[in-house]
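Read-outs: derived from the displayed coordinates by stated rules, not from any lab. Since the model is a prediction, treat every value here as computed from it, not as a measurement. Backbone-built Cβ (ideal geometry, glycine too); neighbour counts: all protein chains shown.
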Amino acid sequence: MLRSLSLYWRLVGVQIRAQLQYRTNFWFDVITAGMMTIISFGSLALIIQRFGSIAGWSLAELAFLYGMVEAAFGVMDMLFSGFDPGTFGRQVRLGLLDQLMLRPVDVVLQIFSSDLALRRLGRITQGAFVFILAIYWLDISWTLPKVLYLPLVFFSMVCFFGGLFVIGSAVTFWTVDSIEVMNIFTYGGAEMMSYPMNIYSNWMRRVFTYIIPAIFLNYYPALFFLDKPDPFGMPSVVYWLSPVVGFCTLWLGLSFFSFGLRNYQSTGT
C-alpha cells in the first residue's frame, strides 16, 4: 500500500509539473471552468428571484444542493480524469492500454495517475464558494452528527461519480469506444442532483432511487442538514445511506473494471 501511494505521488508530481509549465494557459483553464459554474448558478438565481422558490426550496437551500454537487463532481473529475470514458476509450482504441499492461506497475494505479486535471480547481473553488455562501445564508442548527456527516457525504459523492466513471471506462473493453449513455448518469446525474428531487416526474425519481440511487447522496442528506420534511415519506434510515451508496458504487466500478481487464484481449492496434 505504501509503495503504491509513493508511486502515485511521484507520477502525479510529474503531471502537476507538466501542467504548470504553461502558467498562463493553466490559469486561463481554471478561471474559465470556474466562470462556467458561476454563470450557471447565476442563471438559477435569476429564476428564483422571479418565482421566489422552486418546489418550496429557497435560493439559499438550492445553493446548498448546487454547491455540494459542483465541488464534489469537480474533485472527482480532477482525480478520476484518467478514467473518463472518452479519454480511456481512445487509449483502448489506439492500443495504448497494452503499453500500460506491459509495465511492472498496477494498471489501475497507472490510470489514476495518468491525468490529474488541475484545471478542475476552478469548478471546485466556485462550487465550494456557492456552498459556503449557502451555509452563511441559512440558519442551520449544527449538531455533532451533522458536523461529522457533512465531509462523509461529500466524499461519498466523489466516490459515486468516480465509480460511474470507472464503470463507463470498463464498458469500453467490449465496445472499444465510449458510449454516450454514460454521460446521462455522470454529467447528467450531477446536473439532476443539483435540484430537489420533488421537482421531477415519478418515473425519473424511481430511476434515480432504485436503479441509480443518486437520491440518497445529496437530496436526503440535505433534508437532514436543513431539517426539511421528507415529501416521499421514506424511512429515516435513508438519511444515512449516502456513504453506503457512494463507496459501494466505487467498489462495484473497480470490480467491474478488474473483470474487464482480466478479459481484455487487445484491439490489435
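Between Ala45 and Val244, how many nm apart are label points set 7 Å from Cα along the C-beta direction?
Each label point lies 7 Å from its Cα, and together they span 3.8 nm.
Considering only C-alpha atoms, what is the centroid distance from the stretch 183-255 to the stretch 94-152, in Å?
18 Å
For a Förster distance of 45 Å, can you work out the FRET efficiency between the beta-carbons of Ser141 and Thr175, rounded to the nearest 0.05?
Step by step, r from the Cβ atoms, then E = 0.40.
Quick check of the Kirkwood formula: for the stretch 181-269, what is the inverse mean of 1/r over all pairs of different Cα atoms, in Å?
Result for the stretch 181-269 stands at 14.8 Å.
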